[in-house]
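Structure record follows, encoded as structure tokens.
The values are calculated or read from the model by the stated rules, or taken from the named source; none is laboratory data. Remember, predicted model here, so these are calculated numbers, not experimental data. Glycine also receives a Cβ, built like all others from the backbone with ideal geometry; neighbour counts cover every protein chain displayed. Surface accessibility is based on the protein's heavy atoms, side chains included, excluding ligands, DNA and RNA. Shrake-Rupley method; radii C 1.70, N 1.55, O 1.52, S 1.80 Å.
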Amino acid sequence: MSNFWWRPLLTVGLLALFPLILWPIAGAVPARIVFGILLLLYLLHHLRNLKALAEWLQKPDAGSVPHGSGLWEPVFAALYQSVRRQSDNQRNLSTALERFLLAGEAMPDGIVMLNGSGQIEWCNPVAEVQFGIKLERDRGQWMNYLIRNTQFIDYLAAHNYREPLIFKSTRNRALTLSIQLIPFGDEQKLLISRDITQLERVETMRRDFVANVSHELSTPLTVIGGFLETLADMEHFDETQTRHHLNLMHDQATRMQNLVKDLLALSKLESTHTVHREEKIDMPRLMRELLADAQVLSAGRHHLQLNLASERGLLGNEEELRSAFGNLVSNAIRYTPEGGEIVLQWEEWEGEGVFSVQDSGIGIEPQHISRLTERFYRVDRSRSRETGGTGLGLAIAKHALTRHQARLEIESTPGKGSTFSACFPARRL
Ligand code: ADP
């Protein structure tokens, strides 16, 4: 501060020097007038700088800080530094905020920032979709007014956010969300929502699968258990009846064996996503072998035909593809009444390699077609069981084909027959 005073005092001293010299020469009055004029000029200089400052304050910007002279020079320089620092800080802050918002928007989870009263302060686009909110319209709205779900309202009110809440979105019923509130800052809360629809679906599939397997195994076991009990209670063994019971038990044991075999095949296919050992499969040979197997299965009940429209080989795992094709062939035989026609074909169609099995069997109603490859899905449960079906054949075939980038196409007319085709990409030929 002491630095401040010496300059104005020196200036006033210098201004007074001239009138003091003038005084003895021109007299007191002209010397005073000159001193007055000099003081006035000095005042005008300050007023001009003050005016520049006042004008600048209307629109403060680092680029237009006025240039001052004299006493004002350090003042304006300090002002310039301070404004520069401030705008640098502001720029850093807004870059950080922008980055934070961009990161928030890129998050795969929904994020909603709530204030102490549960009003929306900000949310990312994923949260907008999951909760059906629009930030522009709903900023400041109470979250529990927008999501009118009692579970959700209770969760918000409970103040115990250790466990996430699983709930079905009110806007989109097909969406299952896992929601967690994280308190932060000054009573604010971060609402994180994760779409777990797919996880839930997989979990439901797993539960259904376990239930289905248990059910499929329990039926033959009950039958075997029942017969064994009857045999144990028999006082006199009736040979014909006992043999009959043993045959029935053998059928049930075979059924369980088939089921376990198919389950193992499925689990083997699921244990890896890629085909293990790829080789060039001699398709004409494989087709002839499939025909021979079909003849054994059909036992002369159907007219079987092989149509080899292509001699091309196929790149893939023979064991997996034989099982996939075998399932399609065995289905054609099992779902085609005696006397029906079954054609096995290997051809090239629009660059693709196509294996198909055409039958003149019972056919399938259109509403079932998209579900046939689900595990244990059967159109006619009793017919599938009677013919030794496990309900897993098409699931296995679909799995094996997908691993070979092939698609399964099903065309069917109820009462007329079906065609199951496996279409392989050209690069596998
Ligand atoms: P399953 O062991 O019951 O045959 P799959 O998975 O092989 O199980 O087939 C699923 C269902 O698809 C069968 O139960 C049957 O209803 C239907 N299906 C499969 N192939 C044929 C076909 N060629 N003709 C008619 N229906 C079929």
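What the table below lists for this structure:
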item: D (Stokes-Einstein, µm²/s), Kirkwood Cα radius, the chain, 1.002 mPa s at 20 °C; result: 69
item: Segment Asp61-Leu306, extension gain: residue separation times 0.36 nm, minus the distance between their alpha carbons; result: 79.5 nm
item: Spatial separation of Cα centroids for segment 101-163 and segment 330-371, in angstrom; result: 52
item: Part-to-part distance (alpha-carbon centres) for segment 402-429 and segment 186-259, which is given in Å; result: 31
item: For segment 107-195, alpha-carbon Rg relative to the globular expectation (2.2 N^0.38 Å, N residues); result: 0.96
item: Inter-site label distance for Ser271 and Gln81 at 7 Å from Cα along Cβ, in nm; result: 7.4
item: Heavy-atom accessible surface of segment 279-428: percent carbon and sulfur, 1.4 Å; result: 48
item: Set of lysines near Lys280 by C-alpha distance (under 28 Å), chain-local residues within fewer than 8 positions excluded; result: Lys261, Lys268, Lys398
item: Three-way shape label, segment 273-323, alpha-carbon gyration tensor, a/c 1.5; result: oblate
item: Principal-axis tilt of helix 393-403 within the chain, Cα atoms, nearest 10 degrees; result: 50
item: All lysines inside 22 Å of Lys134 as judged from Cα atoms, apart from same-chain residues fewer than 8 positions distant; result: Lys168, Lys189
item: Residues with amide H under 5 Å from that of Gln141, placed H, sequence gap 5 or more; result: Ile120
item: Signed unit charges on C-beta, dipole axis of the chain, positive-most listed residue Leu269, Asn49, Ser214; result: Asn49
item: Cα→Cβ-extended label distance, 7 Å offset, between Val29 and Asn149, nm; result: 9.7
item: Test item: Cα-centred dipole of the chain, Lys/Arg +1 and Asp/Glu -1 on Cβ, debye; result: 2460
item: Probe 1.4 Å, accessible area per residue of the chain, Å²; result: 61
item: Test item: Cα-centred dipole of segment 279-428, Lys/Arg +1 and Asp/Glu -1 on Cβ, debye; result: 460
item: Apportionment of accessible area to carbon and sulfur, segment 2-95, percent (1.4 Å); result: 69
item: Size of electric dipole in segment 128-236: Cβ of Lys, Arg +1 and of Asp, Glu -1, about Cα centre, debye, nearest 20; result: 840
item: Choice from Leu392, Leu50, Leu328 showing the highest fluctuation, given a GNM over the chain with Cα pairs closer than 10 Å; result: Leu50
item: FRET E, pair Ile369, Asp109, Förster distance 45 Å, beta-carbon r, rounded to 0.05; result: 0.80
item: Accessible carbon and sulfur surface of segment 107-195 relative to its total accessible area, %, 1.4 Å; result: 52
item: Unit charges at the beta carbon, dipole of the chain: most positive-side option, Thr95, Ser64, Asn331; result: Ser64
item: Hull-based mean projected area of segment 204-270, where the convex hull spans the alpha carbons, in square nanometres; result: 5.0
item: Global form of segment 279-428, assessed from the alpha-carbon gyration tensor, a/c cut-off 1.5; result: prolate
item: Signed unit charges on C-beta, dipole axis of segment 107-195, positive-most listed residue His159, Ile133, Ile182; result: Ile133
item: Two-site label geometry, Glu229 and Leu264: point separation in nm, points 7 Å out along Cα→Cβ; result: 3.1
item: Candidates Pro164, Pro66, Pro24: whichever shows maximal mean-square fluctuation once the chain is modelled as a Gaussian network with Cα springs under 10 Å; result: Pro24
item: Cα-based helix-to-principal-axis angle, 72-106 vs the chain, degrees rounded to 10; result: 10
item: Folded to 0 to 90 degrees: helix 2-26 orientation relative to the chain principal axis, Cα; result: 30
